[in-house]
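This report refers to the structure that appears directly beneath it.
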Amino acid sequence: MTHQLGLDVVYEKLVLLQHFAYGSERYCAVRLPGSEQDQGGGAMDEYWSWVKGIVSSYLLECAVRIRILQDTVKDGADAKAMADLDAATCADSRLGTIVSGDFPVSVRETCNKIIHARKAVPEFAKAIDAGVEFKYWSGDYRLSGTKDQEPWELILHVGSWAHAVAKFLDAADAADLTVYVGQDWY
């Protein structure tokens, strides 16, 4: 028997990741981290810590649960169906951009990169609102590490990734691939 995955928790985290990724600029336009008004106030340091902590935790939780789901069925009759869903989900989604390395940008592989990253850094951008320049989280998360002593680097587009993973879970559920996961008789 595998762990009880609690996929509802994954959906919750995916929604929150999307909100965070897509709403960061507007949020920061109000808070003004990294602006002239922030000089000595530490708002940027505080915001960076929130982004790093929240995004890392949510990405890891989702990635581990998704990989457990995939690994639970990988040797069974549903393995091909699960792989096909991953490929279909990624066909019209841009989960990330490969900076270095040679690997597919799929749900499975991006989950692997999240789990095995040796370095994970939120990417920030600058914007101007009402004549004030400020910094905000761009929604991208730079992950890097090694696999078989070969370095890799991926810029994960967190909002797109979260949306694609939710679509993947919806499709897996519709295909009855999640029904018995976590049950003693699977």
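Values in this text are rule-based calculations from the coordinates and carry no lab data. Keep in mind it's a predicted model, so treat the numbers as computed, not measured. Note that we place each Cβ from the backbone using ideal geometry, even for glycine, and neighbour counts take in every protein chain shown.
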In the chain, if the dipole is taken from +1 on Lys/Arg beta carbons and -1 on Asp/Glu beta carbons about the Cα centre, which of 121, 22, 178 is farthest to the positive end? 121
Considering the chain, what Rg and Dmax in Å follow from its alpha-carbon atoms? 18.2, 62
What Rg and what Dmax come out for region 1-59 when only alpha-carbon atoms are used, in angstroms? 15.3, 55
Per-residue ellipticity at 222 nm for the chain, helices alone: DSSP H runs ≥ 4 residues times -39500 (n - 2.57), over residue total, nearest 500 deg cm²/dmol? -17500 deg cm²/dmol
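Determine the sum of side-chain charges near residue 119: Lys and Arg each +1, Asp and Glu each -1, restricted to other residues whose C-beta is under 12 angstrom from that of residue 119. Working shown, then result.
On the way: positive: 52, 113, 118, 142; negative: 153.
Net charge in that neighbourhood comes out at +3.
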Inter-probe distance in nm under a simple model that places probes 7 Å from Cα toward Cβ, at residue 79 and residue 170: 2.9
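Taking 8 Å as the Cα distance limit and 6 or more residues as the minimum spacing, I'd like the relative contact order of region 25-143 as a percentage. Walk me through the intermediate numbers first.
Working: 124 pairs, mean separation 40.9, N = 119.
Answer for region 25-143 is 34 percent.
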